[in-house]
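The values are calculated or read from the model by the stated rules, or taken from the named source; none is laboratory data. Please read all numbers here as calculations on a predicted model, not as lab measurements. Backbone-built Cβ (ideal geometry, glycine too); neighbour counts: all protein chains shown. The protein model used for the area step is the full one, side chains on, heavy atoms only, and it has no ligands, DNA or RNA in it. Shrake-Rupley method; radii C 1.70, N 1.55, O 1.52, S 1.80 Å.
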Amino acid sequence: MTKIIKYLIFVAFVSHIFSAFGQDAAPMEGYRVPAVVDDEGDTIPNLLLPQVYVYPPMVFKSAKQEKFYWRTVRDVKKALPYAKELSKMLVEIDKDLAQLPNDRARKKYMEAKEDELVETYKPALKKLTLSQGKMLIRLVDRQCNRTSYDLIKQFRGGFRAFFWQGFAKMFGANLKTEYDPNNEEDRIVERVITLVEAGQL
């Protein structure tokens, strides 16, 4: 029903534009769009409109809560692309590891991959703020269904995971943080992600 309403609004809008110019108007510049011809011979534009998400307006109980929300928006925009990229890379890494003959070959592959990742992403990740780093840890779990701690442990061993967990704790972060879209804070994060991905925020 919603798509039909959007379609009717679009058709009315296009009809209004064309009728405003009249038949004798100079041709307008534009671009071709897909169209369908109905049973009566009328040509109707056939466009796929982007999905629009509608949430109740945010109601902030305090300036602190509003500041938290806009910081969350900033942190999601910064961290989400890295979490998505990591998720894609993990699919490739898992596929490559499955084809290697033994543990020694897998270990060598992972060391080389780690060096490659550090060289590629270290300069950008160093620029993340602490809150953006914490957001990245949460979004890694969201995108990969594995915590950052579990990923390090799986690919580089328990000792390395323990070391980096201790390092993260020194800065108030936790590599074992899990993403839970049902808790209050992550519900807001999920809303922000939805709107950011739809280009509405």
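Are there helices (runs of 4 or more DSSP H) fully within segment 93-201 with at least 1 residues that are closer than 18 Å to R74 by Cα? List them.
Filter on segment 93-201 gives 103-125, 130-144, 184-197.
On the basis of being modelled with pLDDT of 90 or more, crowded, with 16+ Cβ neighbours inside 10 Å, farther than 26 Å from V52 by Cβ and of a type in the set (D, E, K, R), does D141 make the cut?
yes
Does segment 48-71 include one or more residues that are modelled with pLDDT of 55 or more, hydroxyl-bearing (S, T, Y), surrounded by 10 or more Cβ atoms within 10 Å (Cβ to Cβ) and in a helix (DSSP H, G or I)?
yes
Return yes or no: is Y7 at pLDDT below 60, of a type in the set (S, T, Y) and under 31 Å from the mean Cα position of the chain (by Cα)?
yes
Within segment 33-89, which residues are of a type in the set (V, I, T) and in contact with a strand residue (DSSP E or B) (Cβ under 7 Å, 6 or more places away or on another chain)?
Those that are of a type in the set (V, I, T) and in contact with a strand residue (DSSP E or B) (Cβ under 7 Å, 6 or more places away or on another chain): V33, V36, V37, T43, I44.
Let's see how each residue does on (1) open to solvent by 40 Å² or more (accessible area, probe 1.4 Å); (2) touching a Leu at 6+ places or on another chain (Cβ under 8 Å):
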site: G157; (1), (2): no, no
site: G166; (1), (2): no, no
site: N183; (1), (2): yes, no
site: V196; (1), (2): no, yes
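So E114 clears everything in (1) closer than 20 Å to I137 by Cβ; (2) surrounded by 15 or more Cβ atoms within 10 Å (Cβ to Cβ) except one condition, right? Which one?
It fails just one condition, (2).
This table checks each residue for (1) touching a Gly at 6+ places or on another chain (Cβ under 8 Å); (2) in contact (Cβ under 8 Å) with a residue 24 or more places away in the chain.
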residue: L100; (1), (2): no, no
residue: K127; (1), (2): no, no
residue: T147; (1), (2): no, yes
residue: A173; (1), (2): yes, yes
residue: D180; (1), (2): no, no
residue: Q200; (1), (2): no, yes
